[in-house]
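These notes are about the structure you will find just below.
The values are calculated or read from the model by the stated rules, or taken from the named source; none is laboratory data. None of the values given here were measured: they were computed from a predicted structure. Note that each Cβ is placed from the backbone with ideal geometry, even for glycine, and that neighbours are counted across all protein chains shown.
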Amino acid sequence: MTDPHKAPPAVLTFAATDPSGGAGVQADILTLASMGCHPISVITAITVQDTSGVEDISPVDSDWVADQARAILEDIPIAAFKIGVMGSLENIAVIAEIVSDYPEIPLILDPVFASARGDEFANDENIQAIREMLIPQCTIITPNSIELKRLGLEDDEENVSLEILAQRLIALGAEYVLVTGTHESTADVINTLFHEKGIVRSDTWKRLPGSYHGSGCTLASAIAATMARGLDISDAVREAQEYTWQSLKFGFRPGMGQFVPDRLFWARDDEDDDEEVETAASRESSQAPDPHGAKH
């Protein structure tokens, strides 16, 4: 930086802890710092988990969540909000109230309803509260197809397209929905960004072997970082996907469970440093413009 006193953009993440460092607030902090932002964290819940799964979760009292956020928001200008696991219905309500005071700041929601093993983080009542209180404020939501169905499917519905489900969330007030294809049965992973006018972009990524702990946290935090740095939504989503794919490609297995993304892959010594890094994505952007810019 030319100005030694100029601060990097600050991103505030609402998230639960993960003692393994693979997901949750630890994943957010690593990703945000790796992408040139100053991570600010509000703890919403404390978990007992490892790289295999979640054994228990204890929500932080909603007053404490509010006090953490209000204290920092009165002190540090925030360039983006990122929301992960909130832990309780009361926390969903208080976070929705807090971010509503900052409608000009981009809001990125990673709707984490369960761990990869299937350990539940949110019940139907919590999901309905997210639909009513948070989705109308979101700049972008980043569900996988399973999460999208829990958010968008109505009772007894089957075989509804992902595009229709994404448009339902946009009708609730979200500006963009990035549907990730990690849980689909396609040869490659296809991630599609939707806007009310249709598909903004669709990116295809080589499907990597193995199972990863914290990939969704990484992607949502990377989008928050790129938006905090001033990129428009299409470029922010593209750059965040590239970063996430590379972190998965260089992922490691620290324990006996899933692999963990290496969010500092670019800082490691590698015997192939002189070789050009593989470009794994093909771009396909629709004509839908970004007419409004970032909102929350």
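Tabulated data for the structure shown
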read-out	value
Count of region 45-86 residues which are closer than 28 Å to N144 by Cβ, touching a residue at least 40 places away in the same chain (Cβ under 8 Å) and assigned to a loop (DSSP other than H, G, I, E, B)	9
Search result, residues across region 77-93 that are within 18 Å of N126 (Cα to Cα) and surrounded by fewer than 20 Cβ atoms within 10 Å (Cβ to Cβ)	L89, E90, A93
Output for region 5-16, where each listed residue is surrounded by fewer than 22 Cβ atoms within 10 Å (Cβ to Cβ) and either part of a loop (DSSP other than H, G, I, E, B) or not aliphatic (A, V, I, L, M) (or both)	H5, K6, A7, P8, P9
Every residue from region 30-44 that is hydroxyl-bearing (S, T, Y) and outside any helix (DSSP H, G or I)	S41, T44
Check on G251, in contact with a strand residue (DSSP E or B) (Cβ under 9 Å, 6 or more places away or on another chain), at pLDDT below 95 and not polar (S, T, N, Q)	no
Test: V189 is hydrophobic (A, V, I, L, M, F, W, C), touching a Lys or Arg at 6+ places or on another chain (Cβ under 7 Å) and surrounded by 18 or more Cβ atoms within 10 Å (Cβ to Cβ)	yes
Meets criteria (more than 29 Å from I190 (Cα to Cα), free of Cβ contacts under 8 Å to residues at least 60 places away in the same chain and not charged (D, E, K, R)) for I98	yes
Condition met for R131 (over 26 Å from T180 (Cα atoms) and either buried (at least 23 other Cβ atoms within 10 Å of the Cβ) or out of contact with any His (no Cβ under 8 Å at 6 or more places or on another chain) (or both))	no
Scope region 1-40; condition hydroxyl-bearing (S, T, Y) and over 14 Å from the mean Cα position of the chain (by Cα); matching residues	T2, T17, S20, S34
Residue under evaluation L208, criteria (1) in contact with a Leu (Cβ under 6 Å, 6 or more places away or on another chain); (2) under 30 Å from G257 (Cα atoms); (3) buried (at least 18 other Cβ atoms within 10 Å of the Cβ), criterion not met	(3)
Matching residues in region 132-164 - criterion: being at pLDDT below 95 and either outside any helix (DSSP H, G or I) or within 17 Å of N91 (Cα to Cα) (or both)	N144, L153, E154, D155, D156, E157, E158, N159, V160, S161
Test result for D232, among the charged types (D, E, K, R), modelled with pLDDT of 95 or more and in contact with a Phe, Trp or Tyr (Cβ under 8 Å, 6 or more places away or on another chain)	no
Residue count for region 31-60, restricted to those that are in contact with a helix residue (DSSP H, G or I) (Cβ under 8 Å, 6 or more places away or on another chain), within 22 Å of Y212 (Cα to Cα) and not small (G, A, S)	4
Options E55, E74; residue that is within 30 Å of P254 (Cβ to Cβ), of a type outside the set (V, I, T) and surrounded by fewer than 21 Cβ atoms within 10 Å (Cβ to Cβ)	E55
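So that you can scan it fast, the table gives a plain yes or no per residue for (1) surrounded by fewer than 21 Cβ atoms within 10 Å (Cβ to Cβ); (2) of a type in the set (A, V, I, L, M, F, W, C); (3) in contact (Cβ under 8 Å) with a residue 12 or more places away in the chain:
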| position | (1), (2), (3) |
| --- | --- |
| P106 | no, no, yes |
| I127 | yes, yes, yes |
| I135 | no, yes, yes |
| G152 | no, no, yes |
| A166 | no, yes, yes |
